[in-house]
1. Just want to confirm a number: the relative contact order over the chain, from Cα pairs under 8 angstrom separated by 6+ residues, in percent.
2. Which percent, to the nearest 5, of DSSP beta bridges fully inside the chain are antiparallel?
3. Between residue 106 and residue 34, what is the label-point separation in nm under the 7 Å Cα-to-beta-carbon projection?
4. Would you compute, from DSSP H runs of 4+ residues alone, the mean residue ellipticity of the chain at 222 nm, taking -39500 (n - 2.57) per run and dividing by the full residue count, rounded to the nearest 500?
5. Could you pull out every residue, at least 5 positions away or on a different chain, whose amide H is within less than 5 Å of the one on residue 4? Hs are placed 1.01 Å off N in the peptide plane, and Pro or chain starts have none.
6. Tabulate in residue order the Karplus-calculated ³J(HN,Hα) for segment 90-101, using 6.51 cos²θ - 1.76 cosθ + 1.60 with θ = phi - 60°, rounded to whole Hz; enter x for Gly and Pro.
7. Going by amide H atoms built from the backbone, whose H comes under 5 Å of the H on residue 87, apart from near neighbours?
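Laboratory data are not the source of any read-out in this text; all were calculated from the coordinates shown. Keep in mind that what you see is a predicted model, and the values were worked out from it rather than measured. Here the Cβ is made from the backbone with ideal geometry for all residues, glycine too, and neighbour counts use every protein chain on show.
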Amino acid sequence: MSNHFKLALRLGFDGAYIPSFNKNLRHLNFKFKKKFKILGSAHNIKEIRCKEYQNVDLIFISSIFKKNKNYLGLYKFMNLKKLTNKNVIALGGVSRKNIKIIFLTNCFGFAGISYFE
């Protein structure tokens, strides 16, 4: 559930997602179940710090491989990953061809449509 914490709680979901553009802290006032996970995405250090302040459990950092406006590449991705103690998920252009590189980054995990197509 993206950006709708009240609805996620009302429906009994296990978590919610905060996009990189969302800087809101209102969700910190809600009471969550112990296993409720908050996920967030980031593309730069400023957004990573914001997600840490929002108390997310996992941070999606993108885009590691997909050459779009948020393209980081492997080295920028690795440098951003080092700047947080949160678990990091690699996102953006992950495919069967480059999956071995993801394992070398020691990420918590990866996500991507390309991998599952």
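1. Once divided by the residue count of the chain, the mean separation gives 17 percent.
2. About 0 percent, rounded to the nearest 5.
3. A separation of 2.9 nm, rounded to one decimal place.
4. When only DSSP H runs of four or more count, the value is -7500 deg cm²/dmol.
5. 17
6. 7, 9, x, x, 6, 9, 5, 6, 10, 5, 5, 5
7. Amide H to amide H, under 5 Å and 5 or more residues apart or across chains, residue 87 pairs with 59.
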